[in-house]
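Chemist: First the structure, then my questions, so here it is.
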Amino acid sequence: MRPPDGAAFEEFRRRVVGIVRESMADRLTGVDETTELTTLRGFDSLTIVRIIERVEALLGREIDPAVIVPETFASAGTLARVAWAASEPADG
């Protein structure tokens, strides 16, 4: 697993926060990396699927299904850290 550090991770984290914001845009404003996602009105399984699809597209590979658990969606920052760590680079 890759550690969540460095400039590449910071850019990835920023983009994941943006994906979550866009996915929730019609329901709220002010989502940041610490916002508790599971408490947001309208944060449901369909929203989770949309977010996962967009994060996987950003990574260019699938997120390990074993880490797609409720705890992963505690916040956008948590989602970014888990997705980053659980996605293996395409070459290995």
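All of the numbers you see were taken from the coordinates with simple rules; none came from a lab. None of the values given here were measured: they were computed from a predicted structure. Please note: Cβ atoms are built from the backbone with ideal geometry, for glycine as well, and neighbour counts cover all protein chains shown.
Chemist: Over all pairs of distinct alpha carbons, what does the Kirkwood formula give as the hydrodynamic radius of region 9-86, in Å?
Modeler: 12.2
Chemist: Then there's this: I'd like to compare 35-41, 53-59: which one has the highest average count of other Cβ atoms within 10 Å, and what's the full order after that?
Modeler: So the peptides 35-41, 53-59, ranked by packing, come out 53-59, 35-41.
Chemist: Within region 64-81, whose backbone N sits under 18 Å from a point 7 Å along Cα→Cβ of E36?
Modeler: 70-79
Chemist: Right, next: Assuming 0.36 nm per residue, please report the length gained on full extension of the stretch E11 to A25 beyond their Cα-Cα distance.
Modeler: Gain on stretching E11 to A25: 3.0 nm.
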